[in-house]
1. Considering segment 39-63 alone, what residues qualify as being crowded, with 16+ Cβ neighbours inside 10 Å and either without any contact (Cβ under 8 Å) to a residue 24 or more places away in the chain or in a loop (DSSP other than H, G, I, E, B) (or both)?
2. State whether the residues of segment 28-36 include one that is surrounded by fewer than 15 Cβ atoms within 10 Å (Cβ to Cβ), modelled with pLDDT of 90 or more and hydroxyl-bearing (S, T, Y).
3. Identify all residues within segment 77-116 that are touching a Phe, Trp or Tyr at 6+ places or on another chain (Cβ under 7 Å) and over 19 Å from P65 (Cβ atoms); write none if there are none.
4. Residue by residue through segment 99-116, note down the ones that are in contact with a Lys or Arg (Cβ under 6 Å, 6 or more places away or on another chain) and either among the acidic types (D, E) or surrounded by fewer than 21 Cβ atoms within 10 Å (Cβ to Cβ) (or both).
5. Quickly run through segment 80-95 and pick out the residues that are within 14 Å of V32 (Cα to Cα) and either open to solvent by less than 50 Å² (accessible area, probe 1.4 Å) or of a type in the set (S, T, Y) (or both).
6. Of the conditions (1) open to solvent by less than 80 Å² (accessible area, probe 1.4 Å); (2) modelled with pLDDT of 90 or more, R74 clears all except one; give me its number.
Amino acid sequence: GLDRVLELSTNGGLPSLVTQHRVIGTDLCHFVAPVSLAGQVESSGKLFLTSHRIVFAGHGVQSWPWHRVRNVVRVGRDLAIVVAGAADAVHIQCNCYGDALTALHMAADLAGRKRS
């Protein structure tokens, strides 16, 4: 995970991934990983970080545009996404620490770009 974050930091840009998943639409996809919504049954799916939003696609689809994302915090393999107007943070559990570290780094970059 640290190697991936170092590589992202030194390359100066985020990768563009080719995906034909319908939830992405016309967004540019930068990250995809298998995840689950913490604390929910039957909640496995995929996490996408795109040019415009965070997307969880599992049993249903949930998305949060970058301009509403106030903070993303990592605790172990979990990501807590704090969204403006939401009472509680969204908790997403990554399958590995490397995915959590990479997603955190990319989310900070993407959310920061949308606020600038």
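The values are calculated or read from the model by the stated rules, or taken from the named source; none is laboratory data. Everything quoted here is computed from the prediction, not taken from an experiment. Here the Cβ positions follow ideal geometry from the backbone for every residue, glycine too, while neighbour counts run over all protein chains shown. The accessibility values were calculated without ligands, DNA or RNA, using every heavy atom of the protein model including side chains. Shrake-Rupley method; radii C 1.70, N 1.55, O 1.52, S 1.80 Å.
1. Those that are crowded, with 16+ Cβ neighbours inside 10 Å and either without any contact (Cβ under 8 Å) to a residue 24 or more places away in the chain or in a loop (DSSP other than H, G, I, E, B) (or both): S43, G45, S51, H52, G58.
2. So in segment 28-36, the residues surrounded by fewer than 15 Cβ atoms within 10 Å (Cβ to Cβ) come out as 28, 34.
Going one step further and asking which of them are modelled with pLDDT of 90 or more, we end up with 28, 34.
In the following step, the residues that additionally are hydroxyl-bearing (S, T, Y) were identified as none.
No: zero hits.
3. Those that are touching a Phe, Trp or Tyr at 6+ places or on another chain (Cβ under 7 Å) and over 19 Å from P65 (Cβ atoms): R77, T102.
4. Correct list: L104 only.
5. So in segment 80-95, the residues within 14 Å of V32 (Cα to Cα) come out as 92-95.
If the condition is that a residue be within 14 Å of V32 (Cα to Cα) and either open to solvent by less than 50 Å² (accessible area, probe 1.4 Å) or of a type in the set (S, T, Y) (or both), then I92, C94 are the ones that fit.
6. The one condition R74 does not meet is (1).
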